[in-house]
Amino acid sequence: MESQSAPATSGRQRVWVTTAEACTALCMSRETLRQLRLRGVLQPGKHYRRWGCTQGRGPLQWHLENVEATITGWSRRNL
């Protein structure tokens, strides 16, 4: 069974990326991602998830494809 977050060196694009990688790929700041998450535009499980054994306070990983699709649709409706 293949992992969803395979290393980039395997030739496949990773599905879940770090916050820093998401900011770079989406050309937005950490604060913008944070605000979209707090406003409920981005939802846990679909757009982001926590990882690590830190009782729900670990760093976030982001699903780039889902985030980008949602932000595109949201911005068209709200701008």
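Rule-based calculations on the coordinates, nothing more; no lab input. In this text, all values refer to a predicted model and were calculated from it rather than measured experimentally. Please note: Cβ atoms are built from the backbone with ideal geometry, for glycine as well, and neighbour counts cover all protein chains shown.
When a/c reaches 1.5 or more, the comparison of a/b and b/c decides; with that in mind, is region 12-78 rounded, prolate or oblate per its Cα gyration tensor?
Numbers: a/c = 1.77, a/b = 1.38, b/c = 1.28.
Since a/c reaches 1.5 and a/b is larger than b/c, the shape of region 12-78 is classed as prolate.
Inter-label distance, Glu68 to Glu31: 2.6 nm, where each label sits 7 Å from its Cα along the C-beta direction.
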